[in-house]
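Beneath this line is the structure, given in structure tokens, with notes to follow.
The values are calculated or read from the model by the stated rules, or taken from the named source; none is laboratory data. The structure displayed is predicted, hence computed values, not measured ones. Positions of Cβ are generated from backbone atoms using ideal geometry, with glycine treated the same way; all protein chains shown enter the neighbour counts.
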Amino acid sequence: MIELKNGNLASCSYDGTIRIWNPENGDCLRTLKGHTIWVRSVIELSNGNLASCSYDGTIKIWNLYPEDLFAQQIYLALRLDRCARHNGTIKLNDFWAKIYNSLPNYLKDKYKNAV
């Protein structure tokens with residue numbers, strides 16, 4: 001298991017997956033599937049992607065976040081919605097704060113208590 005730059009955790013698994021965890025509440029935020037057997041290790045690259053190697057003999061590069069603005073807005077809105085439903089909040093780093101500020105006003109109003 002490693003701690004990512006954003007504070008989340010990434011774990012390797014015998015089932016061939018990598019899981020991204022919120023260490024504050026223990027929620028699994030995302031499951032990355034692609035290896036066929038045990039993922040041996042994972043590291044975070046300087047660009048924020050993950051690299052993993054598996055006993056299936058492959059190395060995979062994972063882009064955790066979508067590249068285009070609309071997809072990033074959807075991703076953030078889904079995360080905020082989940083927090084709002086559980087009366088939780090998330091702390092946005094500079095990158096995600098810019099994405100939040102680019103959301104339409106009705107979404108910013110809807111999720112203002114989740115940030």
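General remarks:
- Subset of region 18-51 (residues that are among the hydroxyl-bearing types (Ser, Thr, Tyr) and closer than 14 Å to residue 64 by Cα): 31, 46
- So residue 106, is it in a helix (DSSP H, G or I) and crowded, with 16+ Cβ neighbours inside 10 Å: no
- Given (1) of a type in the set (Val, Ile, Thr); (2) out of contact with any Leu (no Cβ under 6 Å at 6 or more places or on another chain); (3) in contact (Cβ under 8 Å) with a residue 24 or more places away in the chain, index of the condition residue 31 fails: (3)
- Condition met for residue 48 (on the phi > 0 side of the Ramachandran plot and assigned to a loop (DSSP other than H, G, I, E, B)): yes
- Subset of region 14-55 that is among the hydroxyl-bearing types (Ser, Thr, Tyr) and loosely packed, with under 14 Cβ neighbours inside 10 Å - its residue that is farthest from residue 86 (Cα to Cα): 55
Quick grid of which residues meet (1) modelled with pLDDT of 90 or more; (2) within 29 Å of residue 98 (Cα to Cα); (3) not in a loop (DSSP other than H, G, I, E, B):
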position: 6; (1), (2), (3): no, yes, no
position: 35; (1), (2), (3): yes, no, no
position: 41; (1), (2), (3): yes, no, yes
position: 56; (1), (2), (3): yes, no, no
position: 61; (1), (2), (3): yes, yes, yes
position: 64; (1), (2), (3): no, yes, no
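- Extreme residue, surrounded by the fewest Cβ atoms within 10 Å (Cβ to Cβ), among residues of region 91-102 that are within 14 Å of the chain's Cα centre (by Cα) and at pLDDT 75 or above: 91
- Every residue from region 10-29 that is within 19 Å of residue 89 (Cβ to Cβ) and not in a loop (DSSP other than H, G, I, E, B): 20, 21, 28, 29
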